[in-house]
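Undergrad: Can you keep this structure in mind? I'll have questions shortly.
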Amino acid sequence: MAVALRYSPPSQSHLSFSSPKLHKFSFNPSHSLSSLSPSHFSRRVNTTQTLRFPSKARSITPVAEGISTELSEIYQSCKIWNWRGFNISYLVKGNGPPLLLVHGFGASIPHWRRNIGILSQKATVYAIDLLGFGASDKPPGFAYTMETWAQLILDFLAGVVKKPTVLVGNSVGSLACVIAASESNGDLVRGLVLLNCAGGMNNKAIVDDWRIKLIMPLLWLVDFLLKQKRIASAIFERVKQRENLKNILISVYGNKEAVDEDLIEIIRRPADDDGALDAFISTVTGPPGPSPISLMPKISVPVLVLWGDQDPFTPLDGPVGKYFSSLPSKIPNLELFILPGTGHCPHDDRPDLVHEKLIPWLERTP
């Protein structure tokens, strides 16, 4: 849930490297920017917290109404880890080699609701709420950066998981995983799975796309307006209304049936937390961070790239999509699969297609 210029790429069943056509440009405050992407907020529930692991973690036991049993169980399974004085929400389930799920912009741990159960049959699944999202702290006035989230991931691996781990990220979460893997000394990250990787924390990163260059002055104007707290608050309140949020989610999912009431609740709930507005403003207006194009050559671990072909935020015919599409011929440790009829969040949009490629890859990844 962010303010962004959004274009609709031509539908395609195969990769196309021709120059992208301009379809529709629309400035619409109800459309997200890059990695949530359409998942954004959640949390309107009172929680009680009990200490289970002194000085290390505490569990969160929410009391919620109107959500599915599946979603309630995920909320109740989450614990808290203290990172640099901030409370970070995480979940762990299953047995086997560890993997860490990292959500995209505006999403949170429950956005992996359709994956945790299946993957936990093969692995020890960890999922984390990045600082500023989900049930993790949202410190007022904090300046969020991609580098901060990447360091959080590395510290979580070192302090909680304590084993070489496969990182699985969506959108901005993917980019945070790429940064973390590029900075790891090799004993923390053993593999990388990228689901529609973002080109940066926000649209200002995609400067190689002529469509973005065309409206760059407008993006800077949006930045200026969002830094006016009253304007930003009005936009934020409007976007997180249930019907508006549902329309945003439908626009970025290929499988419209996947946009259910649980998903809307997952995105809405944290939006009422103190500091949620600040996280929104900082993410949209902050520095885009390192580009995956500059980082991928540094990655030596096995990489699996899964890309929804109906993604309106990082389309296949955009610079980031084209770059990742070219990598299998350049990087021997990388596999790429295009997922038909799938939008920006493949793991929740069409989880069966993701599991079909991900599980065999995990089984053959040392």
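Undergrad: How much accessible surface area, in Å² rounded to 10, belongs to the heavy atoms of D311 with a 1.4 Å probe?
TA: Solvent-accessible area, nearest 10 Å²: 0 Å².
Undergrad: Continuing with the same structure: Between K93 and I118, with labels modelled 7 Å along Cα→Cβ, what's the label distance in nm to one decimal, could you check?
TA: That separation, rounded to one decimal, is 1.3 nm.
Undergrad: From the phi of every residue in segment 88-102, what ³J(HN,Hα) in whole Hz does the Karplus formula 6.51 cos²θ - 1.76 cosθ + 1.60 yield, where θ is phi - 60° and glycine or proline is x?
TA: Values per residue, Gly and Pro as x: 10, 7, 8, 10, 9, 7, x, 9, x, x, x, 9, 10, 9, 10 Hz.
Undergrad: Also, I was wondering about something else. Where the eigenvalues come from the Cα gyration tensor of segment 249-356, what are the semi-axes √(5λ) of the equivalent ellipsoid, largest first, in whole Å?
TA: 27, 21, 12
Undergrad: Here is a further query. If you take the beta carbon distance between E356 and L295 as r and set R0 to 35 Å, what does 1/(1 + (r/R0)^6) give as a FRET efficiency, to the nearest 0.05?
TA: That gives a FRET efficiency of 0.80.
Undergrad: Less than 13 Å Cβ to Cβ from W307, Lys/Arg counted +1 and Asp/Glu -1: what total charge do the surrounding residues give?
TA: Around W307, the surrounding residues sum to -2.
Undergrad: Order 276-287, 79-90 from most to least packed using the mean count of other Cβ atoms within 10 Å.
TA: Per-residue mean Cβ counts within 10 Å order the peptides as 276-287, 79-90.
Undergrad: Is segment 94-185 rounded, prolate or oblate when judged by the Cα gyration tensor, a ≥ b ≥ c being the square roots of its eigenvalues, rounded requiring a/c under 1.5 and prolate requiring a/b larger than b/c?
TA: oblate
Undergrad: Give me the one-decimal nm value for the distance between modelled label points at E243 and D274, 7 Å along each residue's Cα-to-Cβ direction.
TA: Placing both labels 7 Å beyond Cα along the Cβ direction yields 3.3 nm.
Undergrad: On to the next question. So for R350, R190, what's the accessible-area order with a 1.4 Å probe, most first?
TA: R350, R190
Undergrad: Taking square-rooted eigenvalues a ≥ b ≥ c of the alpha carbon gyration tensor, is segment 135-209 rounded, prolate or oblate, where a/c under 1.5 means rounded and, failing that, a/b exceeding b/c means prolate?
TA: Oblate shape, in that a/c is at least 1.5 and b/c is the bigger or equal ratio.
Undergrad: Tell me the net charge near E70. Cut-off is 10 Å between Cβ atoms, E70 excluded, with +1 for each Lys or Arg and -1 for each Asp or Glu.
TA: The answer is 0.
Undergrad: Using a Förster distance of 30 Å, how high is the FRET efficiency between K162 and S326, based on the Cβ-Cβ distance and rounded to 0.05?
TA: According to the calculation, E is roughly 0.25.
Undergrad: Further question on the same structure: Modelled label-to-label distance, A234 and D155, 7 Å Cα→beta-carbon offset: nm?
TA: Going by the 7 Å Cα→Cβ label model, 3.8 nm.
Undergrad: Compute the length gained on full extension between E257 and E70: take 0.36 nm times their separation in residues and subtract their Cα-Cα distance, giving the result in nm to one decimal.
TA: 65.6 nm
Undergrad: How would segment 300-360 be classified by its alpha-carbon gyration tensor: rounded, prolate or oblate, with rounded meaning a/c under 1.5 and the a/b versus b/c comparison settling the rest?
TA: Oblate shape, in that a/c is at least 1.5 and b/c is the bigger or equal ratio.
Undergrad: Taking the Cβ of A180 as the centre, find all other residues whose Cβ is under 11 Å away and add up their charges (Lys, Arg: +1; Asp, Glu: -1).
TA: That works out to -3.
Undergrad: Mind ranking K357, K122 by accessible surface for me, highest first, 1.4 Å probe?
TA: Reading off the accessible areas and sorting them downward yields K122, K357.
The values are calculated or read from the model by the stated rules, or taken from the named source; none is laboratory data. Since this is a predicted model, take the numbers as computed values, not measurements. Every residue, glycine as well, gets a Cβ built from its backbone with ideal geometry; the counts of neighbours run over all protein chains shown. Just the protein is used for accessible areas: all its heavy atoms, side chains included, with ligands, DNA and RNA removed. Shrake-Rupley method; radii C 1.70, N 1.55, O 1.52, S 1.80 Å.
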